[in-house]
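Since every read-out is calculated from the coordinates, none of them should be taken as a lab result. Every value quoted in this text rests on a predicted model; they were computed, and no experiment measured them. FYI the Cβ positions are ideal-geometry reconstructions off the backbone, even for glycines, and counts take in every protein chain you see.
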DNA sequence: CGCATTCTACGAATCATTTCGTATAATGCG
DNA sequence: CGCATTATACGAAATGATTCGTAGAATGCG
């Protein structure tokens with residue numbers, strides 16, 4: 001039983017766009033387009049259409065005060081990330097989030113600060129037992 | 001520059017099938033079908049077709065000695081998982097694997113043993129500095 | 001042997017996602 | 001004002017993933 005409405009998993013392209021919005025903050029289609037287009041070739045109206053669809057789906061809101069609408073994610077970044085993680089954990093890690101964490105940590109160059117951050121989280125988790 | 005050929009990211013259905021193979025070991029289409037069909041409704045020939053496509057793509061091998069071919073993953077489980085994690089990290093975590101790890105660990109009920117396992121990994125990682 | 005069962009192969013429908021062309025409205029500037 | 005530029009909206013093609021029907025070959029059993 002969940003208290004919130006089930007959050008739908010965004011498609012790959014939708015995640016790409018959310019990522020830009022997370023990084024840039026509320027943005028116009030053009031701004032998102034400019035950013036995305038640096039990483040991979042994509043047309044302006046393609047981005048526009050995607051964002052319109054996301055608006056219809058309720059993945060983003062938009063402010064229509066100015067001619068160029070300004071889009072913002074509707075869900076918190078962490079919530080969307082959680083949805084994506086849960087899906088991957090379920091599908092490829094037999095439901096075990098810690099296995100995913102283990103795999104993500106190993107062999108990836110993390111700074112000492114980042115490792116410390118994780119330690120800190122572990123301490124926190126154990127306290128709560 | 002990678003030493004190995006670029007590993008293609010399996011589709012969702014393909015990951016589902018790989019998951020079954022990881023769990024059951026080398027299996028026939030029917031075995032995979034039986035298992036998968038318990039979780040979600042899916043037709044036998046659908047599974048067959050998927051596995052045939054995976055064979056063509058080089059995601060799995062198969063032993064054709066017996067009439068019912070026996071399929072096995074071609075890549076190590078950990079490698080495939082790594083591919084999936086990398087993709088998600090890139091797409092939704094701004095390239096930061098440790099952020100994904102943090103998110104995966106927090107709020108998920110992990111056993112003390114699992115937490116210890118992660119600590120142990122951290123120790124290991126820090127030693128290598 | 002002859003039939004029911006179980007396989008593989010394969011084409012093609014269906015469905016989801018991504019892509020973009022075109023129409024048209026708003027804006028800004030010389 | 002009139003034109004170039006930049007928006008949105010929208011339909012629909014293109015692509016990718018999933019699904020399944022059907023055909024025909026192998027197997028096993030009475």
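Quick notes on this one:
- The ellipsoid that matches the Cα gyration tensor of the range A:12-73 has semi-axes, each √(5λ) in whole angstrom, of 16, 12, 11, with the longest given first.
- Each other copy holds its own label point for residue B:113; taking that point as 7 Å from Cα along Cα to Cβ, the gaps run 3.6 nm, nearest first.
- The GNM of chain B, with springs linking C-alpha atoms under 10 angstrom apart, assigns the highest mean-square fluctuation among B:114, B:41, B:14 to B:114.
- Inter-copy separations for residue A:57, label at 7 Å along Cα-Cβ, nm, ascending: 2.0
- Averaging 1/r across all pairs of distinct Cα atoms in the protein assembly as shown and inverting the result yields a Kirkwood radius of 20.6 Å.
- Folded to 0 to 90 degrees: helix A:112-127 orientation relative to chain A principal axis, Cα: 70
- Mean residue ellipticity, 222 nm, helices only, the protein assembly as shown: the sum of -39500 (n - 2.57) across DSSP H runs of n ≥ 4, divided by residue count and rounded to 500, is -19500 deg cm²/dmol.
- Exposure proxy ranking, count of Cβ atoms within 10 Å, fewest first, for A:19, B:66, A:13, A:28: B:66, A:13, A:28, A:19
- Cβ nearest the rotation axis (B onto A), residue from chain B and distance to the nearest whole Å: B:101, 2
- Ranking of B:80, B:61 by count of other Cβ atoms within 10 Å, fewest first: B:61, B:80
- Relative to the longest principal axis of the Cα atoms of chain A, the long axis of helix A:44-57 makes an angle of roughly 70 degrees.
- Candidates B:42, B:17, B:70, ranked by Gaussian network fluctuation over chain B, Cα under 10 Å, top entry: B:42
- Legend: calculated FRET efficiency, residue B:37 to residue A:23, from the Cβ-Cβ distance at R0 = 51 Å, rounded to 0.05, equals 0.75.
- Of B:21, B:105, B:115, the residue with the greatest mean-square motion in the GNM of chain B, using alpha carbon springs below 10 Å, is B:115.
- Each 10 Å bin from zero holds the following percent of Cα-Cα pairs in chain A: 11, 31, 31, 21, 6, 0.
- Label 7 Å beyond Cα on the Cβ vector: residue B:70 copy-to-copy distances, nm: 6.4
- Spin-label model distance (nm) - residue B:124 vs residue A:116, 7 Å beyond Cα toward Cβ: 2.4
- The fewest-to-most ranking of B:53, A:85 by surrounding Cβ atoms within 10 Å reads B:53, A:85.
- Relative to the longest principal axis of the Cα atoms of chain B, the long axis of helix B:12-24 lies at roughly 90 degrees.
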